[in-house]
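Right, one structure below, let's go through it.
The values are calculated or read from the model by the stated rules, or taken from the named source; none is laboratory data. All of these numbers come straight from a predicted model, not from anything done at the bench. As a convention, Cβ positions derive from the backbone with ideal geometry for all residues, glycine included, and neighbour counts pool all protein chains shown. Side chains are part of the model used for accessible areas, which takes the heavy atoms of the whole protein and leaves out ligands, DNA and RNA. Shrake-Rupley method; radii C 1.70, N 1.55, O 1.52, S 1.80 Å.
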Amino acid sequence: MGSLKAVLKHPDDFYPLLKLKMAAKKAEKQIPAEPHWGFCYSMLHKVSRSFALVIQQLNPELRDAVCIFYLVLRALDTVEDDTSVDADIKVPILIAFHQHIYDRDWHFACGTKEYKVLMDQFHHVATAFLELKKGYQEAIEDITMRMGAGMAKFICKEVETIDDYDEYCHYVAGLVGLGLSKLFHASGTEILFPDSMSNSMGLFLQKTNIIRDYLEDINEVPKSRMFWPREIWSKYVNKLEDLKSEENSEKAIQCLNDMVTNALIHIDDCLKYMSDLRDPAIFRFCAIPQIMAIGTLALCYNNIQVFRGVVKMRRGLTAKVIDRTKTMGDVYQAFFDFSSMLKSKVDTHDPNATTTITQLEAAQKICIDSGNLSNRKSYVVKSEPSYSPALIALLFIILAILYAYVSANRQNKISKHYTRVL
């Protein structure tokens, strides 16, 4: 439930974390009884716990369609990501993947851990897919076909220009935005959004992931994965892997900030898309990841740790986002807060400082003009919190009760086990 140190530093994280934990337990208990659907929802919890929580808010029919859409694309992504699979084997599979989702007997050995299980038992996903309504099937097949073809293209092509970067992100994430918009429309709850807006929703998330995951991708074994466009990084270093060298720290930070600035161009479309959503459950489903993205960019900006280790939002802050995000006003507040946090980190000597500030101020203006910023809790702590002794004492009491409860249950299970043995 998050480290004790983090909770003590941010005591107001405790209640959202507790609610998140309880919601996760509840979601795990709602796994369907049918073997194929049970596999799909169990796998969803394993490959993306946060997504599995947010998806629970959707109506059952749409939830099933989105679950299968996610797992199909996750399987497709697993094929693309496995650098141990030769290109001459991988490319035909990516191109034909949209056909495999109709085949209950198809599977392919690749990936590791839970992703290997997903690929080995893909017949469960195919079986569930074939039970969806025709409109959902057609939307999933169309996006899978286009994404597989795009992934295959970039197996044999490096990301050289910013246009290449946008094209790659379109194939692997923008199409997800288009597909979700189609599923929402097929459910009868939303209008069919323009492709450009749906694309931006995906690109904002994907570019955030590519920025955050630099070190993981560059250290990938047996072969590095490189998605940062040469047009950007070549302004700072000779080779992309040079960014992680300590002697290039200053240039690495400038390159990182350039990448973040590039991602910020999608904020306008994202805010417009979310403001036009009508269904509250779909709104929360879309809004929470977008807030996580702007929060992650705020953490990554000007942060050398991107090239040294892992940068991500603490669990308590993630829990707050999930707990608080209910209306568009909450989204405007979050985007304003994290844009302000990012803006405070901009060094006026940074080569892209002017562009970065201009984009952030444009985003802040949208939030201010919405008229929704008053009387809302801020995500940004402007000073170190003062600890209330009573709150800390209460926290330890609750933790002690939880520990005692878990220990008692464990002891009870052990006793029952020995009773059966005897």
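Each Cα pair under 8 Å and six or more residues apart adds its separation to the average, and for the stretch 221-370 the resulting relative contact order is 24 percent. Among the GluC sites (Glu not before Pro) in the stretch 65-149, those located in a DSSP loop and surrounded by at most 14 other Cβ atoms within 10 Å of their own Cβ are Glu131.
In the structure shown, the pairs Lys21/Lys326; Lys251/Lys345; Lys134/Lys272; Lys26/Lys207; Lys9/Lys116 are assessed against 28 Å; a Cα-Cα span above that value is assigned to Lys134/Lys272; Lys26/Lys207; Lys9/Lys116.
Annotation for Glu158 and Ala24: the two label points, set 7 Å from Cα along the Cα-Cβ direction, are 4.0 nm apart.
If you add up the charges near Cys40, with Lys and Arg at +1 and Asp and Glu at -1, over every other residue whose beta carbon is less than 10 angstrom from its beta carbon, what do you get?
Local net charge: -2.
Under 20 Å from a label point set 7 Å out along the Cα-to-Cβ vector of Arg278, the amide N atoms of the stretch 168-194 belong to 178-194. Here the dipole of the chain is about 2280 debye; that uses its Cα centre as origin and unit charges on the Cβ of Lys and Arg (positive) and Asp and Glu (negative). Summed over the residues of the chain and divided among them, the accessible surface reaches 48 Å² per residue at a probe radius of 1.4 Å. For Ser48, no residue whose modelled amide H falls within less than 5 Å of its own remains once neighbours fewer than 5 places apart on the same chain are excluded. Note on Ser196 and Ile265: the model spin-label points, each 7 Å out from Cα along the C-beta direction, lie 1.3 nm apart. Dividing the mean sequence gap of close Cα pairs (under 8 Å, 6+ apart) by how many residues the stretch 197-273 holds gives a relative contact order of 45 percent. Of all aspartates and glutamates in the structure, the ones whose alpha carbon falls short of 12 Å from that of Lys343, not counting any fewer than 8 places away in one chain, are Glu361. Surface composition of the chain: carbon plus sulfur atoms contribute 56% of the solvent-accessible area (1.4 Å probe, protein chains only, all chains present). Quick check: from the Cα gyration tensor, does the chain come out rounded (a/c under 1.5), prolate or oblate? Rounded, because the longest to shortest axis ratio a/c is under 1.5. For the stretch 275-324, what does the alpha-carbon gyration tensor say about shape, rounded, prolate or oblate, given a ≥ b ≥ c as the root eigenvalues, a/c under 1.5 as rounded, and a/b over b/c as prolate? Verdict is prolate for the stretch 275-324. Taking all Cα pairs closer than 8 Å and separated by 6 or more residues, the relative contact order of the chain comes to 15 percent.
What shape does the stretch 66-153 have by the C-alpha gyration tensor, where a ≥ b ≥ c are the square roots of the eigenvalues, rounded means a/c under 1.5, and otherwise prolate means a/b greater than b/c and oblate the rest? Oblate shape, in that a/c is at least 1.5 and b/c is the bigger or equal ratio.
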